[in-house]
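Beneath this line is the structure, given in structure tokens, with notes to follow.
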2 protein chains.
Amino acid sequence: MRELHHPPRECLELTQVLHALSDPIRLCIVRQLAVSEALACGTFCETAPKSTMSHHFKVLRLAGVIQQRSEGTSCFNTLRRCDLDARFPGLLDAIVRENVATCGDSLWETEEQ
Amino acid sequence: MRELHHPPRECLELTQVLHALSDPIRLCIVRQLAVSEALACGTFCETAPKSTMSHHFKVLRLAGVIQQRSEGTSCFNTLRRCDLDARFPGLLDAIVRENVATCGDSLWETEEQ
DNA sequence: TCCGTTGTTCTAAAAATATCGAACAATGCG
DNA sequence: CGCATTGTTCGATATTTTTAGAACAACGGA
């Protein structure tokens, strides 16, 4: 398969990383990768069609968030945790660790703001 | 001046916050706010015209990143640090603390990835 | 009251993104 | 080889986002 471009660590840009992570599908991908080793694209059972998922993987790769490696007909994805931690310490942890609850839950008292 | 809507803490969404922070101008605003108290919109000497800046402040406010308060003819902005830290621990620190250098600097040895 | 300052809203246009079907490429198996 | 599997690329469309000028609103000072 064709060579896949991965930006070197020192070229990662925070704005691009944040943009890559600001999509629900991509955020979901990153969180799954955070708790497992290399996963093939096909193992992410999103409802989106393949071409859409392929697009999202590409965005993540070009932003430097994931590493993609072909093996057979599969494409295995891993988080570039070392590079991300080196460039943006604490960012990945903060994003992966996030509380699962969203709007509607009352886990946090609504203080005056 | 008109009431400005601020989403309550429990309604903040990570994807929206990340998107708000993924723009260079907005990221710059947030970083300035992180190291100072309330700043009026006009104190951010970006080259962009007022209407563009106003748009960016609105994006930050609606994502729950900043609090805006009118005073006289000025509009003072503050980071919603407490809410952000409560909902997304470590995120703000990671984003504000980021290394200043960008592509081209050799502060990090490029390891194999 | 007249004016300058500060910032928002409206509007339009441009640019960037997202979505997804169809065609294609690479691989491996029988 | 024939074929299914896995994923990419292309092309078109739709949606979102960004930018910015112009008009407007609120406020304060002279």
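The values are calculated or read from the model by the stated rules, or taken from the named source; none is laboratory data. Note that the coordinates shown come from a computational prediction; the quantities given were computed from them, not determined experimentally. Cβ placement follows ideal geometry from the backbone for every residue including glycine, while neighbour counts extend to all protein chains displayed.
Residue pairs whose Cβ atoms lie under 7 Å apart, sitting 6 or more positions apart in sequence or on different chains, and linking a residue in the range A:43-61 that is more than 14 Å from chain B (Cβ to nearest Cβ) to a partner that is in a loop (DSSP other than H, G, I, E, B) and more than 8 Å from DNA strand C (Cβ to nearest atom), are A:Met53/A:Phe44; A:Met53/A:Glu46.
Within the range A:1-18, if we keep just the residues that are more than 14 Å from DNA strand D (Cβ to nearest atom) and assigned to a loop (DSSP other than H, G, I, E, B), the residue that is farthest from A:Arg61 (Cα to Cα) turns out to be A:Glu13. The condition of being assigned to a strand (DSSP E or B) and within 14 Å of DNA strand D (Cβ to nearest atom) does not hold for A:Ser51. One residue is enough: does the range B:19-37 have a residue meeting the conditions closer than 23 Å to A:Leu27 by Cβ, within 11 Å of DNA strand C (Cβ to nearest atom), not polar (S, T, N, Q) and not in a loop (DSSP other than H, G, I, E, B)? Scanning the range B:19-37 turns up at least one residue that is closer than 23 Å to A:Leu27 by Cβ, within 11 Å of DNA strand C (Cβ to nearest atom), not polar (S, T, N, Q) and not in a loop (DSSP other than H, G, I, E, B). Can you spot a residue in the range A:65-79 that is touching a strand residue (DSSP E or B) at 6+ places or on another chain (Cβ under 6 Å), under 23 Å from B:Leu91 (Cβ atoms) and surrounded by fewer than 17 Cβ atoms within 10 Å (Cβ to Cβ)? There is at least one residue in the range A:65-79 that is touching a strand residue (DSSP E or B) at 6+ places or on another chain (Cβ under 6 Å), under 23 Å from B:Leu91 (Cβ atoms) and surrounded by fewer than 17 Cβ atoms within 10 Å (Cβ to Cβ).
The residues of the range A:1-34 that are more than 10 Å from every other protein chain (Cβ to nearest Cβ) and without any contact (Cβ under 8 Å) to a residue 12 or more places away in the chain, listed by number, are A:Arg2, A:Glu3. Inside the range A:75-107, residues that are among the β-branched types (Val, Ile, Thr) and either touching a helix residue (DSSP H, G or I) at 6+ places or on another chain (Cβ under 7 Å) or modelled with pLDDT of 95 or more (or both) make up a count of 3.
B:Gln67 satisfies every condition listed in (1) more than 16 Å from DNA strand D (Cβ to nearest atom); (2) touching a helix residue (DSSP H, G or I) at 6+ places or on another chain (Cβ under 7 Å) except (2).
Once the range A:48-63 is narrowed to residues that are among the polar types (S, T, N, Q) and within 6 Å of DNA strand C (Cβ to nearest atom), the residue that is nearest to A:Leu27 (Cα to Cα) is A:Thr52.
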